[in-house]
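The values are calculated or read from the model by the stated rules, or taken from the named source; none is laboratory data. Quick caveat, the model's predicted, so the values are computed rather than measured. Please note: Cβ atoms are built from the backbone with ideal geometry, for glycine as well, and neighbour counts cover all protein chains shown. Just so you know, the surface numbers come from the protein's heavy atoms only, side chains and all, with ligands and any DNA or RNA stripped out. Shrake-Rupley method; radii C 1.70, N 1.55, O 1.52, S 1.80 Å.
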Amino acid sequence: MKIHHLNCSSMREVEATYDGPRPAAAVCHCLLIETDAHGLVLVETGLGLGDIRDPATSLEAEWAELVGPALDPAETALRRIERLGHSPADVRHIVLTHLDVDHSGGLPDFPDARVHVMEAELRAAMAEAPSRRYRPAHWAHRPHWVTYGAGEGESWFGFGGARTLEGLPPEILLVPLGGHTAGHAGVAVRDQDRWLLHAGDAYFYHGELRAGEPEPHPLMDILQNDSQVDPGLRLSSRDRLRALTRDHGDEVEVFSAHDPWEFQRHTTA
């Protein structure tokens, strides 16, 4: 498999909490995975062309004012995939950590893809939409949903309920990481001799995983605390990720959805 790291929507600029890294725009960190037998697999979608064409319908005004998305069509997953020399029709699978607007906005750009998500997340989105976080425009095309229940699956580095995905190889897993939303999960991808774990919004800032006392970002933490549905479970998920990084950092690289400095560590497109 070949893995590309894509920023599928820049957002408001943030500063690090320590000297060194320059201020940078928050990102929507997505992965494009080229497989031999399963076509292209997109992990997260960021914002899509529909959000940019009609933000008044696709996006909630208060959310857009708060996070300041760039709304640049060149940053959409569809356009980035085209620049890599692929057809968007080759995206056969999309795997989502959750259905928040900035993670599912690109779904309409890949109408024929199978969309893998936790069952509890899809149920919550259908019940709560329209809301600031869940926008019906993102699934008005009736995606080919493939859902996974809680309490199923196997253990992965001590995380219970890790699920292989229907129609995909065992090198791609959904790993429940509850608290941010009703069915939030990470996506683990085997990259040669190590794993990558896209932790979605289980945490927002790399300082939260550092050794010693966690260091949340003062601005990003406002968004994090405002959007979590179960604070205790979310902190438990974050602390388990800290332990994973501490005990298995040579085997697993963890990153979140919006931290720009984590994104900068990877080859970008």
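Here are some notes:
- Region 116-178, accessible area per residue, ligands and nucleic acids excluded (1.4 Å, Å²): 46 Å²
- Lys, Arg +1 and Asp, Glu -1 on Cβ, resulting dipole of the chain about Cα centre, debye, nearest 20: 360 debye
- Measuring nothing but alpha carbons in region 169-228 and taking Rh as the Kirkwood radius, the Rg to Rh ratio lands at 1.04.
- Within the shell of other residues whose beta carbon sits under 14 angstrom from the beta carbon of residue 244, the net charge comes to 0, with Lys and Arg scored +1 and Asp and Glu -1.
- Amide H within-cut-off set for residue 115, under 5 Å, with H built and near neighbours excluded: 94, 144, 145, 146
- q = 0.09, 0.15 Å⁻¹: log10 I(q)/I(0) that the Debye formula gives for the chain, counting C-alpha atoms only: -0.35, -1.09
- Net lengthening on full extension, residue 13/residue 221 (0.36 nm per residue, minus Cα-Cα): 73.4 nm
- Value in Å of the Kirkwood radius, where region 140-269 supplies the Cα pairs that are averaged: 15.5 Å
- Solvent-accessible heavy-atom area per residue, rounded to whole Å², over region 1-110 at 1.4 Å: 39 Å²
- Farthest toward positive dipole pole in region 117-207 [+1 Lys/Arg, -1 Asp/Glu at C-beta], among 185, 124, 158: 124
- Ligands, DNA and RNA left out, the accessible area of the chain computed with a 1.4 Å probe is 48% carbon and sulfur.
- Helical contribution to [θ] at 222 nm, DSSP H n ≥ 4, -39,500 (n - 2.57), averaged over the chain, rounded to 500: -7000 deg cm²/dmol
- 12 Å cut-off, amide nitrogen to a point 7 angstrom out along residue 74 Cα→Cβ, residues in region 1-41: none
- Positive minus negative residues near residue 266 (Lys, Arg vs Asp, Glu; Cβ under 12 Å): -3
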